[in-house]
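Every number in this text was worked out from the coordinates using simple rules, so none of it is lab data. As the structure is a computational prediction, the values presented were derived from the model and not from experiment. Positions of Cβ are generated from backbone atoms using ideal geometry, with glycine treated the same way; all protein chains shown enter the neighbour counts.
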């Protein structure tokens, strides 16, 4: 007699027992155990997977949920009671576990962002982790999307995606270290529910012509003012394909003219409020850094700025002896974009524009991936944009090839005669 197990739909860890004499026709056994269930027991290094067989589905389900089997011969009241505090693991405990076991290994910028997201999880305070189910997540999302709560958020907020990810990470840490049988309460509908509004449809790109308009406007806004560094920062950001926090962190010593290279190994962690300090940290957003061949335009930007500013060591783009705040840079960029008549915003637009131009020029995703410093080529693919002039060129080439199709057409001649 052969035996196999078939997973019970919508009941993780519970299996139906099937038997067969020939290995082809399978059926439930007429006697004995018809179900099996598995769960993890113990904790830490002593964590072990336990599997048992049961006569009924209810017994298997109760074993999975760590409950007393229905068919147990012992009266429930005779079972020694466990202290409530032994089984109660609060959401605050889960947060403390996550911060100690997982968050402490993350980059400093990730830790800073986490503390901003954490305040949106106050809904779960005082709850036992085991009581958090799908309905609880539904209620949390409804709590976040209350009009009075949204009124306290930034006007550009489109979703609570980051907060949702942090919550998943906290519960994942609890599952992996405390209770492997805990069932994650998320469903795919939650991804859509956390959206607040559709993001503005803005093309994240600047053509070379639009870039020149922007730079000309930025030059008028910044040149010969105390914000002059912002103009040269924008030039450097474009010619080195960097994020704004990486371009701002560039030092005089990062430029090696003997080897014609730029070393990128630092970034700025901008304070999100006036109470938070803007600091320099090692590494870049995606990895530990990179060495980039220095382009002619990057070299010229460096030379011109160092001559104008007199900088001979240390940070290239400091402001009044300190790191500039993000809002200061963003405001000048926005001023210039508006002045140039461009419907764009923020500082990341220059990175998108430079990498899109690099991809259009090289037609090689691997080259663009290197310039961007991406770990995955899937991330680079977003810069393989199709610009309007490319579409028009393709259409024109197609029209040229098909130009003779309508020449001498009797239908066209007749319709033209009728005034169509």
**Request:** Return the whole-Å distance between the Cα centroid of the range 242-305 and the Cα centroid of the range 160-180.
**Result:** 34
**Prompt:** How do 331, 232 rank when sorted from fewest to most other Cβ atoms within 10 Å of their own Cβ?
**Reply:** 331, 232
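Taking the convex hull of the alpha carbon atoms in the range 240-315, what volume per residue do you get, in Å³?
Working: hull volume 7.8 nm³, N = 76.
Each residue corresponds to 103 Å³ of Cα convex hull volume.
Let's test the formula: R0 of 51 Å, r as the Cβ-Cβ distance of residue 291 and residue 183. What FRET efficiency results, to the nearest 0.05? Intermediate results must be reported in sequence, preceding the final value.
Details: r = 47 Å, r/R0 = 0.92.
Plugging the Cβ-Cβ distance into 1/(1 + (r/R0)^6) gives 0.60.
Neighbouring Cβ atoms within 10 Å as the yardstick, rank 337, 342, 316 fewest first. Present the calculation step by step, with values, prior to reporting the outcome.
On the way: 337 21, 342 18, 316 24.
Ranking 337, 342, 316 by Cβ neighbours within 10 Å, fewest first, gives 342, 337, 316.
Multiply the residue separation of residue 107 and residue 143 by 0.36 nm, subtract the distance between their alpha-carbon atoms, and state the gained length in nm to one decimal.
Numbers: separation 36, 0.36 × 36 = 12.96 nm, distance 3.01 nm.
In short, 10.0 nm is gained.
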**Prompt:** Based on the Cα coordinates of the range 91-193, what is the per residue volume of their convex hull in Å³?
**Reply:** 104
**Prompt:** For the pair residue 162 and residue 198, how long in nm is the line joining their label points, each one 7 Å along Cα→Cβ?
**Reply:** 2.4
**Request:** Fewest Cβ neighbours within 10 Å first, please rank 184, 236 accordingly.
**Result:** 184, 236
**For the range 208-381, alpha-carbon Rg over 2.2 N^0.38 Å** = 0.99
**Request:** Pop a pseudo-label 7 angstrom from the Cα along the beta-carbon direction at both residue 363 and residue 225 and give the gap in nm to one decimal.
**Result:** 4.3
